[in-house]
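This report concerns only the one structure given below.
The values are calculated or read from the model by the stated rules, or taken from the named source; none is laboratory data. This structure is a prediction, so every number in the text was calculated from the model and none was measured. Every residue, glycine as well, gets a Cβ built from its backbone with ideal geometry; the counts of neighbours run over all protein chains shown.
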Amino acid sequence: MATTHSSTSKSAANRKSASSRAKSTTRKTAASSREKDAIQLLKSDHREVEKLFKQFQDASEDERRMQLCEQICMELMAHTEIEEEIFYPTCRQFLKDDEIVNEALVEHQAAKDLIEEIRSMDASDEMFDARMQVLQEQIEHHVEEEEKELFPNVQKSDMDLKNVGQQLMERKKALQARMKTGSMAMH
């Protein structure tokens, strides 16, 4: 009888192992089918930065505020970089509307200039909070224009949003890896 129980246990273990492998494969397939398209990825970035700005506003200790400031700046730098390198040039091809892209680029430059100023400051500096507030307002304005004007036009175009999303994600991962090693240059 011990042999029967032993083989029954092995059989159950094998079924469980096969079931686990099948679930893992299903999860991987589901994950790849859930890959974000370009718009979803960029909107996700927008929500992350909004969350960080809220945390910054709620923080009271200078050390925590500086950590959040640095995180906000790094997120924004990576985001602007992928938009400028990949998304906006592709938008130009499919939208044939240079004005909307040009305005976005000018807004990016203004934000990057402000980020450079902020990164040279300390949370105790007199103008630190004012600069962070202006940066937040600039970003909110930029996000609103992208999400209400640019993104709907892009979604109506023939742009391959999945492919562009994949390119954006790969580039963003590379930029984030560079930032973690401290070699992200200000542009």
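For the range 107-127, filtered to residues that are without any contact (Cβ under 8 Å) to a residue 12 or more places away in the chain and part of a helix (DSSP H, G or I), the residue that is surrounded by the fewest Cβ atoms within 10 Å (Cβ to Cβ) is D113. Selection within the range 128-145: residues that are more than 26 Å from E85 (Cα to Cα) and among the charged types (D, E, K, R). The member of this set that is surrounded by the fewest Cβ atoms within 10 Å (Cβ to Cβ) is D129. Does Q133 count as in a helix (DSSP H, G or I) and within 27 Å of E35 (Cβ to Cβ)? It is false that Q133 is in a helix (DSSP H, G or I) and within 27 Å of E35 (Cβ to Cβ). One residue alone among E70, E48, E35 is at pLDDT 60 or above, touching an Asp or Glu at 6+ places or on another chain (Cβ under 7 Å) and either assigned by TED's automatic domain parsing to the domain that holds K162 or under 30 Å from D160 (Cβ atoms) (or both), and that residue is E48. Note on the range 151-183: residues that are closer than 13 Å to M77 by Cβ, surrounded by 14 or more Cβ atoms within 10 Å (Cβ to Cβ) and of a type in the set (S, T, Y) amount to 0.
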